[in-house]
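Below you will find the structure I want to go over with you.
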Amino acid sequence: MTILKRLLKRPFSLADLLGLAAHNISKPPLPPQMYEAAAGMVGKRGVSLLDHWREGFSVQLGEVAAQPTWQLQRSKILRLVIAENGWCDVFACTNGIESPDAWAHLVADLDYFKAFPKDAWKSVLLQKYVTALLSAGCLMEVAHRVYALTKLKEIELKLYSEYYREILKLDFSINQMVVTLIDEEQDDQALELADAKDEVINPLIADQYKLLALIAEQIANSKIDLSSVKEKMDAFDARKRELADAFLQASYTANGEFSDEQGTNGR
């Protein structure tokens, strides 16, 4: 029946999808050390991280099965993969970022994080990464088996992920600079940098997120218009180079004024 539904592009029931993913649900596909660590992470309710994932993954399959057509189910599963990959991207981009304040704006409103103090958010993000890694991999397997996922679609998903990481790295790195300046009690410089980010960098990031949303739409429902997307990416790259030059010039000017002031004070 599964083969027939796939060939005729008929929608799958929740029972169908649970059956397709049963082997992964019973033994989550993680490297041995990560599997053992996840099994040992037990929350206040006595639920392990793996059981927490099983609950969430079953809900995701239910969301896919709730779509009335095969095409809409395919679109939904691709959007779920994009969302889960996104958490993997966030986790990857926090490497080298010392303070959770640099990425807190992404998670501060989520109940999953609000239940914990901020100093525990790195551990919470690690748990989110493990469950996202599992969900993305298992959803991809189902998509390959019954929703005609192609190598081209995998490349499109990778392009989305790479561009999302580019946005996150820009965002997080400047936020970390602000936090570092505050820690070093350089409040005026921190305020200047934060203002510059709000006025100049954040509008660019907002525009990049709009492009990212377009890419997600095309991945889920058609295919990426590479020429149009590349043109927009190139335009953003040009804006970033202009902004970088402006920041460097402002930095040189500020350092020069500081040196002149020091020299005058010395005389």
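Since every read-out is calculated from the coordinates, none of them should be taken as a lab result. Since the structure is predicted, the reported quantities are computational estimates derived from the model, not experimental observations. Positions of Cβ are backbone-derived with ideal geometry, glycine not excepted, and every protein chain shown enters the neighbour counts.
Distance cut-off 19 Å, Cα to Cα: go down the list 151/210; 169/210; 197/240 and report the pairs above it.
Cα-Cα > 19 Å for 151/210; rest within.
Please get the size of the charge dipole for the chain, origin at its Cα centre, with Cβ charges of +1 on Lys and Arg and -1 on Asp and Glu, quoted in debye to the nearest 20.
2320
How far is helix 226-266 tilted, in degrees, relative to the longest principal axis of the Cα atoms in the chain, given as a value from 0 to 90 rounded to the nearest 10?
30
Does the chain classify as rounded, prolate or oblate by the C-alpha gyration tensor (a ≥ b ≥ c root eigenvalues; a/c under 1.5 gives rounded; else a/b over b/c gives prolate, otherwise oblate)?
Oblate, since a/c reaches 1.5 and b/c is not below a/b.
Related question: Work out how much length residue 152 to residue 184 would gain on full extension: take 0.36 nm times their residue separation and subtract the Cα-Cα distance, in nm to one decimal.
Working it through step by step, the gained length comes to 6.7 nm.
Another question, then. Can you list the HN-Hα couplings for segment 33-38, worked out from phi with the Karplus curve (6.51, -1.76, 1.60; θ = phi - 60°), rounded to whole Hz and with x for Gly and Pro?
5, 5, 4, 5, 5, 5
Follow-up. Given H placed 1.01 Å from N in the peptide plane, which residues other than close sequence neighbours of residue 99 have an amide H under 5 Å from its amide H?
none
Taking 0.36 nm per residue of sequence separation and subtracting the Cα-Cα distance, how much length would be gained by fully extending the chain between residue 111 and residue 26, in nm to one decimal?
27.9 nm
Let me ask another. Determine, for 205, 174, 155, the number of other Cβ atoms within 10 Å of each Cβ, and report the residues in order from fewest to most.
So the residues, fewest neighbours to most, are 155, 205, 174.
Taking the Cα centre of segment 1-149 as origin, sum charge times position over the Cβ atoms of Lys and Arg (+1) and Asp and Glu (-1), and report the length of that vector in debye to the nearest 20.
660
Let me ask something else about it. For the Cα atoms of the chain, what angle does the longest principal axis make with the long axis of helix 187-196, in degrees from 0 to 90, nearest 10?
The angle comes out near 60 degrees.
Quick check: pseudo-label points 7 Å beyond the Cα along Cα→Cβ at residue 13 and residue 34, how many nm apart are they?
3.4
I would also like to ask the following. Can you flag which of 118/232; 128/158; 27/76; 27/230 are past 29 Å Cα-Cα? Can you show the working numbers first?
Numbers: 118/232 36 Å; 128/158 20 Å; 27/76 24 Å; 27/230 40 Å.
Violating the 29 Å limit, Cα to Cα: 118/232; 27/230.
Using only the alpha-carbon atoms, how far is helix 49-65 inclined from the longest principal axis of the chain? Give it as 0 to 90 degrees, nearest 10.
70
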